[in-house]
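*Asks:* Below: one structure in structure tokens.
What follows draws every value from the coordinates through simple rules; no lab data is involved. These numbers were taken from a predicted model, which means no experiment stands behind them. Glycine also receives a Cβ, built like all others from the backbone with ideal geometry; neighbour counts cover every protein chain displayed.
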């Protein structure tokens, strides 16, 4: 949002000197359309969330977000993200390292598979786990025999979240690593560094901002995921409800104030994510221009 | 001692990058691998450095089979065309890298590392820039850092892949003279890859001219320049005029002018190609023995020599002469003159790059 306003401001400045391609009339219409669109589809919902959340006063708001069920939902969401994000971090680095720095059979197929979760509907992603681990699923009887619960329990939620957030970090790192080439790594090895030294001293510093960017996006999605998690969760209050699922339950019970109060927490997460993302983009930009100066 | 390469072969999907290449580099020698792109010179260097593996063949570095050693024991210094400096580290840390990653047992003390790095930076004349980041240096300075970094591990051999390829013409010339002087000082067995014949002839002790995955000739700059082994070498080492000619009765005919054959391989052939360097094509006002008549098409007098383009109606000739000679001839565009080769090479095969 702030980015759009900034762009509009700077472009206005440049238009004084640049050759005008559109008449001011067309330009104003276009800008008006953008602002109306933004207002209707972004600002209004945000305003509605805040308005409804605080409609019955601060006390009611506080009560809604400190209810035991809400706290349990927050705890579960944090646990899910705390497991899914690090796992995807390790996977993302390993996959992009392999794809960007090595030539091997199946490299293209791996790249395609990483994209899979993006092209599958989240509900289907959840369903896959039901079909695999559910009571009637492939491994269902075996799991039941050994008293392991995956579906309608925390492990299922974590698995579904990992699946859905699988590509975020790898997608961010692969193009970055490919553009940096592998000469630095080869140099490090030839200077006598082993694999870990090369990774921690040479590769990691070069990808740190891109990596952080991927982690932020991955985390936002892990905490906000609804579809896939909804299918495997079973909606047991206080046990298998994440924050987005909890919002839905509250809403369906006509508890609007509480629903919107909890939703406002997700909104805060979104704004924090945007802020960090903006900062990292700025750092990435700086790193890239620094590299290009004189190359 | 030095580097010994025995019948290396390397194929990339059908493409023969190296075809049974053997090379001997003496201890302390500086050898240039010279050739056009795709000639296999970089592949050869990368295999010697252990970055790539050959399909067949062996490499001995100071008598040791290089493929039996892992990268850190191989002690090869490698310098890339695009420097490949560690972007996130200062100049000092870049040079210190090879010492810092040593195992605890072998790693020198902090003071020792400091002294060693500063000594190397002094050698490449960058000791006052040790705190800078690579992005704050010019291309020539970066390449010197890369060289210092490679030297820090006291390599047995130094390999440079188009070390000046990314630099401006002027910096390039300064830096290659500097490299020559540096090599005279430290005498480390070195191989560098270049596609610039001037660079190879000026810097190297010996030049290996490569084409199509093979070494065409290896010799001192004098040898390869004055006694080219084949048409490719002659053609690649400088600009050249080339003409097809008939071979009859032990003589080649340049127009109607008979020329003596110097190489045996042309004898018995019907066709051959004459190669004449532009500065060895003499222009005269008077008809002399063995001269052809030609018309001046274009004159370019900007530069250290005057370039004259001529035609005899069929062929285009490029000639070069000193300004003095040009003034005394007083050539004008469109004039008829006589041309004769002071020196020429006749090869059976026809080679154009």
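*Asks:* I'd like the FRET efficiency for residue A:105 and residue B:261, computed as 1/(1 + (r/R0)^6) with the beta carbon distance as r and R0 of 56 Å, rounded to 0.05.
*Replies:* 0.55
*Asks:* Mind grabbing the base-10 log of I(q)/I(0) for segment B:105-197 at q = 0.14, 0.19, 0.20 Å⁻¹? Debye formula, identical points on the C-alpha positions, no solvent, two decimal places.
*Replies:* For segment B:105-197 at q = 0.14, 0.19, 0.20 Å⁻¹, log10 I(q)/I(0) is -0.55, -0.98, -1.08.
*Asks:* Could you put A:271, B:236 in order, starting from the residue whose Cβ has the fewest other Cβ atoms within 10 Å?
*Replies:* A:271, B:236
*Asks:* A further question on this structure: Just subtract the alpha-carbon distance of residue B:300 and residue B:24 from 0.36 nm times their residue separation and send over the number in nm, one decimal.
*Replies:* Result for the pair: 95.0 nm of gain on full extension.
*Asks:* Can you give the translational diffusion coefficient of segment B:37-91 in µm²/s, computed by Stokes-Einstein from the Kirkwood radius over Cα pairs at 10 °C and 1.306 mPa s?
*Replies:* For the chosen part, D equals 122 µm²/s.
*Asks:* Still on this structure, I have one more. Can you give the angle from 0 to 90° between the axis of helix B:91-100 and the longest principal axis of chain B, with both taken from C-alpha atoms, to the nearest 10?
*Replies:* That helix lies at roughly 60 degrees to the long axis.
*Asks:* Report the residue, chosen from A:248, A:22, A:281, that carries the largest GNM mean-square fluctuation when chain A is represented by alpha-carbon nodes joined by springs under 10 Å.
*Replies:* It is A:22.
*Asks:* If you don't mind, another one. Rounded to the nearest 0.05, what FRET efficiency do residue B:212 and residue A:132 give with R0 = 56 Å and r taken as the Cβ-Cβ distance? Could you check?
*Replies:* Here the calculated transfer efficiency is 0.50.
*Asks:* In degrees, nearest 10, range 0 to 90: what is the angle between the Cα axis of helix B:169-186 and the longest Cα principal axis of chain B?
*Replies:* 60 degrees
*Asks:* Moving on. In percent, what relative contact order does segment A:57-292 have, based on Cα pairs under 8 Å that are 6 or more apart in sequence?
*Replies:* 31 percent
*Asks:* Taking the beta-carbon count within 10 Å as an exposure proxy, list B:83, A:254 from fewest neighbours to most.
*Replies:* A:254, B:83
*Asks:* Turning to a different aspect of this structure: For chain B, what is the convex hull volume of its Cα atoms per residue in Å³?
*Replies:* Roughly 168 Å³ of hull volume per residue.
*Asks:* In whole Å, what are the extents of the protein assembly as shown along the principal axes defined by its C-alpha atoms, from largest to smallest?
*Replies:* 113, 72, 55
*Asks:* A further question on this structure: When chain A is modelled as a GNM with alpha-carbon springs shorter than 10 Å, which of A:265, A:110, A:38 fluctuates the most?
*Replies:* Comparing A:265, A:110, A:38 in the GNM, the peak value goes to A:38.
*Asks:* Further question on the same structure: Restricting to Cα atoms and excluding each atom paired with itself, what does the Kirkwood estimate give for segment B:298-353 in Å?
*Replies:* 13.1 Å
*Asks:* Quick check: pseudo-label points 7 Å beyond the Cα along Cα→Cβ at residue B:111 and residue A:144, how many nm apart are they?
*Replies:* Using points 7 Å along Cα→Cβ, the separation is 7.5 nm.
*Asks:* Based on DSSP, what percent of beta bridges with both residues in the protein assembly as shown are antiparallel, to the nearest 5?
*Replies:* 75 percent
*Asks:* Further question on the same structure: What number, in percent, do you get for the relative contact order of chain B if the mean sequence gap of Cα pairs under 8 Å and at least 6 apart is divided by its residue count?
*Replies:* For chain B, the relative contact order is 16 percent.
*Asks:* How well do other chains shield peptide B:77-90, expressed as the mean number of their Cβ atoms within 10 Å of each residue Cβ?
*Replies:* That average works out to 5.
*Asks:* Right, here's the next one. Between residue B:102 and residue A:115, what is the FRET efficiency for a Förster distance of 41 Å, r being their Cβ-Cβ separation, to the nearest 0.05?
*Replies:* Working from the Cβ atoms, E equals 0.50.
*Asks:* Fewest Cβ neighbours within 10 Å first, please rank A:79, B:191, A:276 accordingly.
*Replies:* A:79, A:276, B:191
*Asks:* At what distance in nm do the modelled label points of residue B:11 and residue B:328 sit from each other, each positioned 7 Å from its Cα along Cα→Cβ?
*Replies:* Calculated label separation equals 5.9 nm.
*Asks:* Just the Kirkwood number for chain A, please: inverse of mean 1/r across all distinct Cα pairs, in Å, one decimal.
*Replies:* By the Kirkwood definition, the hydrodynamic radius is 22.4 Å.
*Asks:* Say we join alpha carbon atoms closer than 10 Å with springs in a Gaussian network model of chain A; which of A:189, A:280, A:216 then has the biggest fluctuation?
*Replies:* A:189
*Asks:* For segment B:185-292, compute Rh as the Kirkwood radius over C-alpha pairs and then the Stokes-Einstein diffusion coefficient at 4 °C and 1.567 mPa s; write the answer in µm²/s, rounded to an integer.
*Replies:* In µm²/s, the coefficient is 80.
*Asks:* To the nearest µm²/s, what D does Stokes-Einstein give for segment A:98-144 at 4 °C and 1.567 mPa s, using the Kirkwood radius over alpha carbon pairs as Rh?
*Replies:* It diffuses with D of about 101 µm²/s by this estimate.
*Asks:* Here's another thing I want to ask about it. In degrees from 0 to 90, rounded to the nearest 10, what is the angle of the helix B:139-152 Cα long axis to the longest principal axis of chain B?
*Replies:* Once rounded, the angle reads 50 degrees.
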